[in-house]
1. With the requirement that a residue be within 30 Å of Phe167 (Cβ to Cβ), in a loop (DSSP other than H, G, I, E, B) and modelled with pLDDT of 95 or more, what does segment 12-42 give you?
2. Name the residue that is surrounded by the fewest Cβ atoms within 10 Å (Cβ to Cβ), counting only residues in segment 75-121 that are at pLDDT 95 or above, touching a Pro at 6+ places or on another chain (Cβ under 9 Å) and under 22 Å from His284 (Cα atoms).
3. Which count do you get for residues in segment 151-177 that are charged (D, E, K, R) and modelled with pLDDT of 95 or more?
4. Please verify whether segment 38-61 includes one or more residues that are of a type in the set (A, V, I, L, M) and more than 16 Å from the chain's Cα centre (by Cα).
5. Name the residue, out of Asp306, Asp317, Asp351, that is surrounded by fewer than 16 Cβ atoms within 10 Å (Cβ to Cβ), over 30 Å from Pro35 (Cβ atoms), acidic (Asp, Glu) and in contact with a helix residue (DSSP H, G or I) (Cβ under 8 Å, 6 or more places away or on another chain).
6. Out of all the residues in segment 342-366, which are in a loop (DSSP other than H, G, I, E, B) and more than 18 Å from Thr180 (Cβ to Cβ)?
7. Where the second residue is buried (at least 18 other Cβ atoms within 10 Å of the Cβ) and at pLDDT below 95 and the first is in the same structural domain as Ser165 (by TED's automatic domain parsing) and closer than 11 Å to Tyr245 by Cβ and lies in segment 29-54, which pairs have Cβ atoms under 6 Å and are six or more apart or on separate chains?
8. Considering each of Glu80, Glu76, Glu94 in turn, give the residue that is in contact with a Lys or Arg (Cβ under 9 Å, 6 or more places away or on another chain), under 19 Å from Trp200 (Cβ atoms) and among the acidic types (Asp, Glu).
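The values are calculated or read from the model by the stated rules, or taken from the named source; none is laboratory data. Keep in mind that what you see is a predicted model, and the values were worked out from it rather than measured. We place every Cβ from the backbone using ideal geometry, glycine too, and count neighbours over all the protein chains shown.
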Amino acid sequence: MSFEARSPLYQRNVIRLSAAVALAAPAAQAGAAEPLKTCFLYSNPIGESGWTYQHEQARRALASAMGDRIVTRYVENVAEGPDAERVIRNFVQEGCKLIFTPSFGFMEPTIKVARQAPKVIFMNGTGYKTAPNVGAYNARYYEGRYLEGVLAGHLSRKGLAGYVSAFPIPEVLQGVNAFTLGMRSVNPNAQVKLIWVNAWYDPGKERDAANTLATLGVDVLTYDTSSVAVVTAGEEKGIPTFGYYSDMSRFGPKTNQTSVVQTWTGYYTQVVEDVLANRWKPGHTVGGLREGMIRMAPLNASVPQDVRDKFAAAEKDIAEGRLHPFAGPIVDQAGKQRVAAGQVLAGADLDRMNYLVSGIDGAPPK
């Protein structure tokens, strides 16, 4: 049964090593000799919001729902590269039979260790490589980013947005571009000023970038980094913000307009159930609004009703397949046509995205 057809899904990156074992309710599957040891590798501290926080909430919910059929362990704040490979190898040596590595930078270490541990199942989040014992999963985050752009287009008086971004990898470029396209669908002259901070989690750099953008005159702010710095900077300055990863309203009660919320619990539960039932198969799963892998947080009370109605209509159209954020014509910063009129960018072309669209003022990816 495909991911899309399964049960609804519900709920990115200092501290050293942390471990957690979670046990709860109903009885173990009949005949199971021992619980399935399920391990998670996080690239950032868990914190109170963000990429890692959302995955940790899903791990906790998974452990509670699966009861004594599984035990779980996690390690947080692990750098992408040799450190990640070391921790993944430790997981294998400790008896982990299912290992989740939710970070693009964990893809190569995951594939490397998986070749030497063929009886262990690995699931890499946001990567694209698979193997006989490696699956990949991701979400169409760009659907939510487009919707945030639509909302920003309606709310920005100047038509000038600020965007704090991490790294120019395809997933991030999709989000920056989708936000810009959404904003320009409302205001064709809208501009997005982009600052790269080259970090997933660096509150100081994130705050400095937000403050710089404010001095440049932007009147809305968004980001794809993992701390609360951009939202709190916006709250302090009275600049509307558009959140990511988690519902950021508690960090910006007056100014945060909505957030793209990642919801992993249902998908993780499905994977564990498949492994326990010996029906797991490698593959690349991608979900979005329709599948419940992302959802939009409630709009701020200050959003006018007519804007709410337009936002809701766009959200429904995306979820039901009538509106695609990357429908042509789309032109990049240099004026090159990337998507022709009547065409839609999808699949492998999205995975290879390496450009910024027209309307973005920022350094292009190298």
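1. Tyr42
2. Filtering segment 75-121 for residues that are at pLDDT 95 or above, touching a Pro at 6+ places or on another chain (Cβ under 9 Å) and under 22 Å from His284 (Cα atoms), the one surrounded by the fewest Cβ atoms within 10 Å (Cβ to Cβ) comes out as Pro118.
3. Number satisfying all stated conditions: 2.
4. For segment 38-61, residues of a type in the set (A, V, I, L, M) and more than 16 Å from the chain's Cα centre (by Cα): present.
5. That would be Asp351, the only listed residue that is surrounded by fewer than 16 Cβ atoms within 10 Å (Cβ to Cβ), over 30 Å from Pro35 (Cβ atoms), acidic (Asp, Glu) and in contact with a helix residue (DSSP H, G or I) (Cβ under 8 Å, 6 or more places away or on another chain).
6. Within segment 342-366, Gly342, Gln343, Ala346, Gly347, Arg352, Lys366 qualify.
7. From segment 29-54, no pairs qualify.
8. Unique residue meeting the criteria: Glu76.
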